[in-house]
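The values are calculated or read from the model by the stated rules, or taken from the named source; none is laboratory data. All values derive from a computational prediction rather than experimental measurement. Quick reminder, even Gly has a Cβ in these numbers, built from the backbone with ideal geometry, and neighbours come from all protein chains shown.
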Amino acid sequence: MTALTSEVEVFHARATDADLEDLRARLAAARLPEAETVHGPRRWEQGVPLADLADLVDYWRTGYDWRPFEERLDRIGQFRTVVDGLGIHFLHRRSPRADAAPLILTHGWPGSVAEFVDIVDELADPEDRSAPAFHVVAPSLPGFGYSDKPATTGWGTEKIAAAWAELMDRLGYRKFLAHGGDWGGNITTVLAGRFPERVLGVHTLFAEGPPGLPTDGLTEDERRWTEETRHFWRHRAAYAKQQATRPQTIGYSLVDSPVGLLAWIVDKFAEWSDTEDSPFETISRDRVLDDVTLYWLTRSGASAARIYYESHNSLDPELRVDVPAAISMYPRDTEKTPRPWAQERFRQIVRWREPERGGHFPSLEVPEYFVQDLREGLAAVLRA
């Protein structure tokens, strides 16, 4: 492992007081629609209920404090570097342990590095000395957070994976582990498939098999998974179609209206979490608002949406992952792949888990279990 090069610069995030005052003024002046026409157990059926959003807007304006999140990022360690002409922001926490392995964590949409701030320390310097330790790198995707916004097309998952390989090399990590979910899972798949000489192995929440696989031989539960995934893409994926086809159009609302941005993102935290009603049953309001405020302050609603334009349905059907893989399918995630299908792409699955709880955001919903699952999965990968 080498020292940081001159190409990597320390970064500090600091929103101006004027930006935060502008946010509060916009929230105070928000025009809200009438209430939804569904009630009871169906009250989220048309989107975020008015009462829930109004309460969250009020808390965002009068109770939430952005500064502790900025301080948290600085304590972990923030950096920026230019890869392939684009400035990339990343968190980097080196472990004090001599036996630590490098690990890159990749978030998805509507997430950000906010998904990982509560787990970085425990991964890098676990209290249990028998637990594996990691040098943790968590980049912000192009167009997200404090990474630059691409000015041209081409920054899809293939290019991002190549950028991650370059980033890790620049940090002195010639070989490393990788984890991801959502777009981060897709990028982790590409990273392992394209750079097997660099990637020691992966832990992923996303294990899409090649297209056109038969359902013959699947268990009843696995068939149910395929039906749920098909239903999701047919009936619950309007957001993805919008961002894949017209990211610029929705982007005006997401960059101009904090309430519009909040509703667009909270809708997914609610729908994709393992909860009965509100996402705040398992995820703190502050952590969700950290995520949304990061989008707001960096004006990244449109640029983040463009990852769908660049990469929707773009995973190479011929891509195969031959490095060791640990895969976890959380019960309330949006897509769950049967193991026989996953094995067609991930050809050395060394650990497969189907947790009892958790949805699309397990690092926020069930952080203690998630850390344990990630450690055990990567330990199995390293043994292999």
Exercise for the section: Kindly indicate whether any position in segment 301-319 is surrounded by fewer than 18 Cβ atoms within 10 Å (Cβ to Cβ) and of a type in the set (Asp, Glu). Expected result: yes
Practice task
Please give the helices (runs of 4 or more DSSP H) falling wholly within segment 259-356 in which 2 or more residues are polar (S, T, N, Q).
Solution key: 301-311
Practice task
Kindly indicate whether THR152 is of a type in the set (Val, Ile, Thr) and either outside any helix (DSSP H, G or I) or touching a Lys or Arg at 6+ places or on another chain (Cβ under 6 Å) (or both).
Solution key: yes
Exercise for the section: Answer with yes or no whether HIS179 is closer than 23 Å to MET329 by Cβ, surrounded by fewer than 14 Cβ atoms within 10 Å (Cβ to Cβ) and modelled with pLDDT of 95 or more. Expected result: no
Handout entry: Odd one out for VAL82, checked against (1) surrounded by 18 or more Cβ atoms within 10 Å (Cβ to Cβ); (2) assigned to a strand (DSSP E or B)
Key = (1)
Problem - Residues (without any contact (Cβ under 8 Å) to a residue 40 or more places away in the chain and over 23 Å from GLU71 (Cα atoms)) located in segment 98-139 - result: ALA98, ASP99, ALA100, ASP128, ARG129, SER130, ALA133
Completion exercise
Considering residues that are within 14 Å of LEU294 (Cβ to Cβ) and buried (at least 24 other Cβ atoms within 10 Å of the Cβ), the number found within segment 117-138 is 1
Exercise for the section: Please indicate, with yes or no, whether at least one residue in segment 51-74 is under 22 Å from the mean Cα position of the chain (by Cα), crowded, with 17+ Cβ neighbours inside 10 Å, within 23 Å of ASP290 (Cβ to Cβ) and of a type in the set (Val, Ile, Thr). Expected result: no
Problem - Options LEU20, LEU86, LEU53, LEU32: the member that is of a type in the set (A, V, I, L, M), modelled with pLDDT of 95 or more and closer than 26 Å to VAL366 by Cβ - result: LEU53
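Which of the residues belonging to segment 180-206 are under 15 Å from the mean Cα position of the chain (by Cα) and closer than 23 Å to PRO340 by Cβ?
Just the residues of segment 180-206 that are under 15 Å from the mean Cα position of the chain (by Cα), to begin with: 180-189, 203-206.
Across segment 180-206, the qualifying residues are GLY180, GLY181, ASP182, GLY185, ASN186, THR188, THR189, HIS203, THR204, LEU205, PHE206.
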Handout entry: Qualifying residues in segment 182-211 (those that are touching a residue at least 60 places away in the same chain (Cβ under 8 Å) and out of contact with any Ser or Thr (no Cβ under 9 Å at 6 or more places or on another chain)) - the one farthest from SER311 (Cα to Cα)
Key = LEU200
Practice task
Determine whether ARG174 is within 26 Å of THR298 (Cβ to Cβ) and among the basic types (Lys, Arg).
Solution key: no
Handout entry: Any chance ASP274 is more than 19 Å from ARG26 (Cβ to Cβ), crowded, with 18+ Cβ neighbours inside 10 Å, of a type in the set (D, E, K, R) and out of contact with any Cys (no Cβ under 8 Å at 6 or more places or on another chain)
Key = yes
Exercise for the section: Mind listing whichever residues of segment 75-97 are without any contact (Cβ under 8 Å) to a residue 60 or more places away in the chain and of a type in the set (Ser, Thr, Tyr)? Expected result: SER95
Fill in the blank from the handout: Of the residues in segment 217-235, those that are loosely packed, with under 13 Cβ neighbours inside 10 Å and either within 19 Å of the chain's Cα centre (by Cα) or on the phi > 0 side of the Ramachandran plot (or both) come to GLY217
Completion exercise
Within segment 178-237, the count of residues that are closer than 19 Å to VAL350 by Cβ, of a type in the set (Val, Ile, Thr) and in a helix (DSSP H, G or I) comes to 2
Fill in the blank from the handout: Taking segment 357-384 and keeping only residues that are aliphatic (A, V, I, L, M), in a loop (DSSP other than H, G, I, E, B) and surrounded by 20 or more Cβ atoms within 10 Å (Cβ to Cβ), one is left with VAL366
Completion exercise
Checking GLU166, GLU197, GLU115, GLU127 in turn, the sole residue that is in contact with a Phe, Trp or Tyr (Cβ under 7 Å, 6 or more places away or on another chain) and among the acidic types (Asp, Glu) turns out to be GLU115
Problem - Residues satisfying the stated conditions in segment 43-81, i.e. within 18 Å of ASP17 (Cα to Cα) and of a type in the set (Val, Ile, Thr) - result: THR62
Problem - Output for segment 55-85, where each listed residue is among the β-branched types (Val, Ile, Thr) and either out of contact with any helix residue (DSSP H, G or I) (no Cβ under 9 Å at 6 or more places or on another chain) or over 30 Å from GLU7 (Cβ atoms) (or both) - result: VAL57, THR62, VAL82
Exercise for the section: Could you please tell me which pairs satisfy a Cβ distance under 7 Å, a separation of 6+ or placement on different chains, a first residue in segment 41-64 that is among the β-branched types (Val, Ile, Thr), and a second residue that is assigned to a loop (DSSP other than H, G, I, E, B) and surrounded by fewer than 18 Cβ atoms within 10 Å (Cβ to Cβ)? Expected result: VAL57/ALA30
